[in-house]
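K.L.:
The structure is given below, and queries will be raised subsequently.
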Amino acid sequence: MSNWIVLNGRELLIRFALMFFCLALWPKGGIYWGMGVLALAWLLDGGMSRSDLIKEPLILGILLFCGVWLLGLLWSDFAADLEGKWIKYFVFFVFIPLFSLLNRERLPWVAGALLCGYLAMVILGGYQWVAEEEQGISLFDMSYLSYSAVLGIGVILAVYGGWIALSRANWPLSILLWLAALLLLFFQFHENARGILLSTVAVLLLMFCLRYRAKSGILAVCLASIVAVIILFATSSDVFHERLEAIGSDLRLFQQGDYQTSVGYRLATWDIGLHGLAEAPVLGHGSGMGKHYLANGFKSYKDGIYRDLPEFHEAKHFHNELVEIGVHLGLLGISAFAFLLWCWFKTFKQQQMTLLGIAIVCFIFLSGLTDAILLYSRISPFLLAVTAVIVCWQRYKGGLDLVDRKSS
């Protein structure tokens, strides 16, 4: 009897930890509490004894990627900012206990918690935009960039889920998911994140091209429909118009030597970052040195033409994933990042979800061209949680491979 009570108590703790982690993704600082509770449950469940985890491609990619960051401390300044944004790359480690704890019985609870938390977050952001005409979610201290990114991920998942439902002849669910994708995309058009929005649209077009590449008639209709929806959403969004017009004005100001604009700041940080990569192309300047290099570059690079930029925006990162990693770790770090993305794709491919794997990896890469998206504290944990739930659902429940088989 006592053994049953202990086992039952442990199971309750594990389920609580998994669900708490999914719900803690969105409030500011909540993710770190969620990671702590999850790690504790994993250790109590004997997680360290799971030697078979290394066989999972994404876990191997995470271990190599984070290992390179630890290795980079060897040639960095020991005064490196350990509280800098780069530390958030180690959040990837959370995938190990999360993936290890998921099983057939726990999976529905975790999927439900993840979906409920996501829907609550979307509703709060939508309410803030409609009622208060503000970007992001102030209650969670969530920026418009993070909110736009999770909306884009939702669009991709909803479209893919609609195809799964369609392959099972479940028309009501399929239509519901595609309507949800349209609503999420509509919300995204009213956020200020231009680069992330364009990444979402590009990935959508890629998904439809891959899905219907052998059916030119259906593909043409789908692409025409997507373009029509994009035009409709774009013309109805004042925010999109303002951000689109700002590109031209920002570029003109940049040419005139005024860099204190959204586009000007990004171009300036990329200029400094690429120079930093060129100075140390193989190993970079060391883990934690990116913020220091950027701050010093504002003062001294090109005789200090960017010296006033700290007044416009604090020097935190380079607004480009490849440049950010390259300044810290050079081509070694960029290669490790490419390996991580390949392992991420391979994890989906092994479960016959090639199309979704391509979509997720392309979204990460394209969004990372204008923002260091994986440094946002909510994005990488959410993507990892989505990956773990979908892969485990395929493994334990089955049935998510019909789309890829029909489109191949």
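The values are calculated or read from the model by the stated rules, or taken from the named source; none is laboratory data. Note that the structure is a prediction, hence the values are computed from the model and not measured. A quick note on method: Cβ atoms are made from the backbone with ideal geometry, for glycine too, and the neighbour counts reach across all protein chains shown.
K.L.:
Please determine, by comparing only the residues of the stretch 309-351 that are surrounded by fewer than 18 Cβ atoms within 10 Å (Cβ to Cβ) and among the polar types (S, T, N, Q), which one is modelled with the lowest pLDDT.
P.N.:
GLN350
K.L.:
Please determine, by comparing only the residues of the stretch 141-150 that are out of contact with any Asp or Glu (no Cβ under 7 Å at 6 or more places or on another chain) and not charged (D, E, K, R), which one is surrounded by the fewest Cβ atoms within 10 Å (Cβ to Cβ).
P.N.:
SER143
K.L.:
Is it true that some residue in the stretch 29-40 is modelled with pLDDT under 90, touching an Asp or Glu at 6+ places or on another chain (Cβ under 9 Å) and not hydroxyl-bearing (Ser, Thr, Tyr)?
P.N.:
yes
K.L.:
May I pose another question? For the stretch 162-202, what are the residues that are of a type in the set (Val, Ile, Thr) and farther than 21 Å from ILE247 by Cβ?
P.N.:
ILE164, ILE175 - these are the residues of the stretch 162-202 that are of a type in the set (Val, Ile, Thr) and farther than 21 Å from ILE247 by Cβ.
K.L.:
Restricting to the stretch 91-111, name every residue that is closer than 11 Å to ALA388 by Cβ and either among the acidic types (Asp, Glu) or part of a helix (DSSP H, G or I) (or both).
P.N.:
Of everything in the stretch 91-111, those that are closer than 11 Å to ALA388 by Cβ and either among the acidic types (Asp, Glu) or part of a helix (DSSP H, G or I) (or both) turn out to be VAL94, PHE95, ILE96, PRO97, LEU98, PHE99, SER100, LEU101, LEU107, VAL110, ALA111.
K.L.:
CYS222: surrounded by fewer than 20 Cβ atoms within 10 Å (Cβ to Cβ), farther than 26 Å from GLU245 by Cα, of a type outside the set (Gly, Ala, Ser) and touching a Phe, Trp or Tyr at 6+ places or on another chain (Cβ under 6 Å), yes or no?
P.N.:
Yes, satisfied.
K.L.:
Tell me, which residue of the stretch 263-283 that is small (Gly, Ala, Ser) and over 13 Å from LEU294 (Cβ atoms) is surrounded by the fewest Cβ atoms within 10 Å (Cβ to Cβ)?
P.N.:
ALA278
K.L.:
Looking only at the stretch 63-85, which residues are at pLDDT below 90 and touching a helix residue (DSSP H, G or I) at 6+ places or on another chain (Cβ under 6 Å)?
P.N.:
Result: ASP81, GLY84, LYS85.
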